[in-house]
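Engineer: Have a look at the structure that comes next, please.
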Amino acid sequence: MATNRTFTMIKPDAVENGHIGNILAMITNAGFKIVSLKLTQLTIADAQAFYAVHAARPFYGELVEFMTRGPIVAAILEKENAVEDFRILIGATNPAEAAEGTIRKAYATSIGENAVHGSDSDENAGIEGTFHFAGREQF
Ligand code: DAT
Ligand code: MG
């Protein structure tokens, strides 16, 4: 996986609330190229595996329930400095702390239901992209 890629999900809350188009526009307007994209839904096993690093946290059960309650959009994005720049674009985990102009400031409703995911390292971007997309889907 190239180091200029990151992985994102538009989470069930933002899909339910009709924000797919606006969030994709914020992403592409910020200079990210979409290299993989799909509407899908996580199974409980998928969500448990994707968030395994948080398994011991008190919110893990709630997180798995939330992430499986409806469709998500999964995407791989490309841009110079993709991981770090995308974390800036999405804003703080808690929308109450998210900066103006960020996706979470605009569309997240709570710390648990915060509209979007963004990988936290190049290594995890590769792992997460491959979790969701076959090699032939990573353009
Ligand atoms: P981020 O999504 O900003 O990388 P994270 O990796 O720390 O944040 O946590 C993953 C997700 O878990 C986060 O997007 C929402 C949920 N979460 C984190 N902290 C939480 C908390 N204190 N209460 C409820 N949900 C939380
Ligand atoms: Mg994280």
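What follows draws every value from the coordinates through simple rules; no lab data is involved. A quick note: this is a predicted structure, and the numbers were derived from the prediction, not measured. No Cβ is skipped: glycine too gets one built from the backbone with ideal geometry, and neighbour counts run over all protein chains shown.
Engineer: With charges set only on the Cβ (+1 for Lys and Arg, -1 for Asp and Glu), what does the dipole of the chain come to about its Cα centre, in debye to the nearest 20?
Structural biologist: With Lys and Arg at +1 and Asp and Glu at -1, about 260 debye.
Engineer: Report the gain in length on full extension from T43 to N29: 0.36 nm times residue separation, minus Cα-Cα distance, nm rounded to one decimal.
Structural biologist: Answer, rounded to one decimal: 1.9 nm.
Engineer: Kindly identify the chain as rounded, prolate or oblate by the Cα gyration tensor criterion: order the square roots of the eigenvalues as a ≥ b ≥ c, call it rounded if a/c is under 1.5, otherwise compare a/b with b/c, prolate if a/b is larger, else oblate.
Structural biologist: The shape class here is rounded.
Engineer: K11: which lysines have alpha carbons under 20 Å from its alpha carbon, excluding same-chain residues fewer than 8 sequence positions away?
Structural biologist: In chain and number order, the partners are K33, K38, K105.
Engineer: Could you tell me which GluC sites (Glu not before Pro) in segment 1-78 are loop residues by DSSP with no more than 12 other beta carbons within 10 angstrom of their beta carbon?
Structural biologist: In loop regions of segment 1-78 (DSSP not H, G, I, E or B), there are no sparsely surrounded GluC sites (Glu not before Pro).
Engineer: Let me ask something else. Please give the contour-minus-distance gain from Y60 to T130: 0.36 nm per residue of separation, less the Cα-Cα distance, rounded to one decimal in nm.
Structural biologist: Separation in residues times 0.36 nm, less the Cα-Cα distance, equals 23.0 nm.
Engineer: If a/c stays under 1.5 just call it rounded; otherwise compare a/b with b/c (prolate if a/b is bigger, oblate if not). Do that for segment 65-139, with a ≥ b ≥ c from the square roots of the Cα gyration tensor eigenvalues.
Structural biologist: oblate
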